[in-house]
1. Suppose every K and R has +1 on its Cβ and every D and E has -1 on its Cβ; what is the size of the dipole of the chain about the Cα centre, in Debye to the nearest 20?
2. Below 8 Å between Cα atoms, with a sequence gap of 6+, how large is the relative contact order for the chain in percent?
3. Among the listed pairs Lys163/Lys203; Lys41/Lys309; Lys63/Lys315; Lys203/Lys289, which are separated by more than 32 Å between their Cα atoms?
4. Report, by chain and number, residues whose modeled amide H sits under 5 Å from the one on Thr177, excluding near sequence neighbours (fewer than 5 apart, same chain).
5. Among all the aspartates and glutamates, which ones have a C-alpha under 13 Å from Lys102's C-alpha, if same-chain residues fewer than 8 places away are not counted?
6. Loop only per DSSP, at most 13 neighbouring Cβ atoms within 10 Å: give me the chymotrypsin sites (Phe, Trp or Tyr not before Pro) in region 226-272, ordered by residue number.
7. For the chain, what is the calculated [θ] at 222 nm in deg cm²/dmol (nearest 500), taking -39500 (n - 2.57) for each run of four or more DSSP H residues and dividing by its residue count?
8. Just the accessible area per residue of the chain, please: how many Å² with a 1.4 Å probe?
Amino acid sequence: MKLLKKINSKAKSDANTGFGTNASSYGGRFITKNGNANVKKTGIGFFESISWYHTMLNIPRWKFLVIIVLFYFLVNFIFASLYYAVGVEHLNGLTAVTGLDKFGEAFFFSIQTFTTVGYGHISPTGFATSFVAAVEALFGLLSFAIATGLFYGRFSKPKAHIKFSNNALIAPFQNGTALMLRLSPFKNTNLTDAEAKITLGMKLEENGILVNKFYTLDLELSKINALNLSWTLVHPIMENSPLYNLTQEDYETIQGEFLVFLKVFDDMFSTTVVKRASYSFDEIVFGAKFLPMFSRNGTQNKTVLHLDKLNLFEKVKL
C-alpha cells in the first residue's frame with residue numbers, strides 16, 4: 001500500500017491493456033524479452049493447441065532446417081523398411097549381397113522415388129513393391145510442395161527488422177529526468193510512419209491484495225515519418241507521470257515492467273509490421289545516457305549508422 005501511494009495520483013491507470021488485474025495469478029513478466037506473450041496454454045491436447053504452420057514460420061532458421069532434414073531421412077527410412085519387409089528380391093537391379101547392403105540400396109531407391117529422380121538402375125516388380133513405390137512418389141510430391149511453401153512463407157513473411165537496446169535508462173532530460181530506450185532498423189528496408197507506445201505495468205498491493213496496475217506513458221515523440229536511423233523513445237518524468245515519485249530504490253523493490261509496442265509501415269510489402277519489446281525494472285539503468293550511434297562517413301557525403309553502438313551508454317549524475 002505504501003508503494004501504491006508513491007504512484008502519482010495524477011497518473012490514471014489503464015484498464016484496457018489486455019492483461020488481467022489479479023497479480024497473484026501471474027508468473028514472471030507480462031511479455032518476454034523477445035516480445036512474445038509470457039503465457040503457457042493448457043487444458044487442451046498438445047496437437048490441438050499448436051498451429052503447425054505458424055510454428056514452422058516462426059521457429060529459428062536452424063530448427064527449421066533440422067526438422068526438414070530429419071523428416072527427409074525419417075520418411076525414407078520408413079519406406080526403405082517397407083521395401084525390405086516386402087522383399088528386396090522385388091527390387092529389380094539390386095546387386096547387394098549382405099542384409100545391411102540390401103537395406104542400404106533399398107534406402108537409396110526410396111530417396112530416388114521420394115524425390116522422383118529415378119536413376120533407373122533399380123525398379124520395383126510385383127504389386128506390393130510397386131504399390132509402396134506409388135504411395136511414396138505421391139507422398140514425396142506432397143511433401144516437397146509443403147516444404148517449398150514453408151520456405152517461401154519464411155522468406156516472404158513481412159517482419160519488422162528492428163533491434164531494441166538491451167536496457168532502458170533513467171537519464172537527464174531538459175530540467176528533469178526521463179525514461180529512455182533506443183531502437184534501430186538493421187536491414188536494408190524502408191520503414192515509414194512509425195508509431196510507438198509504452199505501457200508501464202506494476203504489481204502493487206491494494207487493500208491487502210496484489211493487483212496489476214497499468215499506465216500509458218506519454219512520449220515526447222510517439223510518431224515519426226521515417227525510421228532510417230536510431231530512434232530514442234523518451235518519456236519525460238513530469239508531475240503527471242506515474243514514475244514521478246519513484247526513486248532508484250523503488251526500481252529495485254517494485255515488480256514493474258515497461259511494455260513497448262511499435263508499428264511501422266514497410267513500403268516493400270506495402271503493409272504494417274509490428275514489433276514488441278519488454279524491460280523489467282531490473283533492466284533499467286538509473287543515471288545514464290545513450291552514446292551517439294550515427295556519424296558522417298570519411299567523405300562526409302553519407303550518414304553511417306553504427307549498429308554495434310545500439311546498447312552503449314555512459315553513467316551520468318541526475
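1. Numbers: 31 positive and 23 negative charges, 185 e Å.
Charge dipole, the chain, about its Cα centre: 880 debye, nearest 20.
2. Working: 522 pairs, mean separation 68.8, N = 318.
With pairs under 8 Å counted, the relative contact order is 22 percent.
3. On the way: Lys163/Lys203 27 Å; Lys41/Lys309 38 Å; Lys63/Lys315 40 Å; Lys203/Lys289 27 Å.
In this structure, Lys41/Lys309; Lys63/Lys315 lie more than 32 Å apart at Cα.
4. Under 5 Å from the amide H of Thr177: Ile237.
5. Glu89
6. Within region 226-272, the qualifying chymotrypsin sites (Phe, Trp or Tyr not before Pro) (loop, at most 13 other Cβ atoms within 10 Å) are Phe269.
7. Working: 7 runs with 94 residues, N = 318.
The helix-only estimate for the chain comes to -9500 deg cm²/dmol at 222 nm.
8. Value returned for the chain: 60 Å² of accessible area per residue.
The values are calculated or read from the model by the stated rules, or taken from the named source; none is laboratory data. Keep in mind that this is a model prediction, so the values were computed, not measured. Glycine also receives a Cβ, built like all others from the backbone with ideal geometry; neighbour counts cover every protein chain displayed. Side chains are part of the model used for accessible areas, which takes the heavy atoms of the whole protein and leaves out ligands, DNA and RNA. Shrake-Rupley method; radii C 1.70, N 1.55, O 1.52, S 1.80 Å.
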